[in-house]
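The values are calculated or read from the model by the stated rules, or taken from the named source; none is laboratory data. These numbers come from a predicted model, not from an experiment. Here Cβ is always computed from backbone atoms with ideal geometry, including for glycine, and neighbour counts include all displayed protein chains. With ligands, DNA and RNA removed, areas are computed over all heavy atoms of the protein, side chains included. Shrake-Rupley method; radii C 1.70, N 1.55, O 1.52, S 1.80 Å.
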Amino acid sequence: MKQERILEPAYVVKAEDIMAINFLPTDHPRPRRVEWINRGTDQVLRPTTTSMLLRTLYKPVERASVQRLHDSSGLRIVLRNESERAAFATAFEQAKLRRDDNKHVMETAVFDSRADAEAAITDLDEAGIEQEAISLLCRASQFTDPDHEWSEGHSAASIASVVAGSGVAGALMGVACLFVPGVGTVAVAGAMTASALSSVASVSGIIGATGGAVAKMLTDHDVDGVSAAFYDDQIQRGRVFVSVDTQGNSALAATAQEVFERHGGRTSVN
């Protein structure tokens, strides 16, 4: 006799909306478990299909089959009861609104060395751009002795260290070093620090590590997906990412662009 499936209270998040998880309140109902599914068939994705989805989720899509996978996939979040399901649904809809309201305009570039990036940051500071608008992201080796070894065994969401109050070129306060699965330890400084912590800790707790973790941090930082994939690759090659949140101010954007170009910064379009 065929056993009937017991339906559990669950909420399904479309793959395209997954970044809104970062905007959930800290007291949202915690899931009993999560699983990637095909939203059309309601079937759990095979491990190989899930791996393909997570590897490509935050990168430009070049194949139609991958786009179909993105369009059809969803993260099923299984809750304990209907009350928790309803509470999570409400919290997630509000999180999507906060995500949509949280868009800024970023000027971004990568530099071949930490020295070039810090020189640019110093000039941005001297030009009157507030440190709260400037961010930096790179492999942690750029901030440590090349022979320094980080301790093993960090979880996907663990923080290797947080150095509060350390300066980067005298402009950015605070450097967080995060262990990112598939990448290693990365250093984040300035305005991006809070969202980077959220990207690694909050989302990893729900969907686990992905091959595009750095791109994920960048897209949460309002860098568009195509540029984020370019910068992800450049950061993993040892280059240093710097951004300025211009808040739509054209004069501020022009200043940032000029400083970046003067110090050899490259964008995803040049």
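Here are some notes:
- Spacing of the two label points (7 Å from each Cα toward its C-beta) at GLU126 and ASP42, in nm: 6.5
- The slack in the chain from ARG262 to ARG32, taken as 0.36 nm per residue of separation less the alpha-carbon distance, amounts to 77.6 nm.
- When nucleic acids and ligands are ignored and a 1.4 Å probe is applied, ASP101 ends up with an accessible area of around 130 Å².
- Rolled with a 1.4 Å probe across the full set of protein chains, the surface gives ARG262 an accessible area near 130 Å².
- Segment SER72..THR49, full-extension length gain: 7.1 nm, with 0.36 nm per residue of separation and the alpha-carbon distance subtracted.
- Using a probe of 1.4 angstrom and keeping all protein chains present, the accessible surface of region 211-260 works out to 33 square angstrom per residue.
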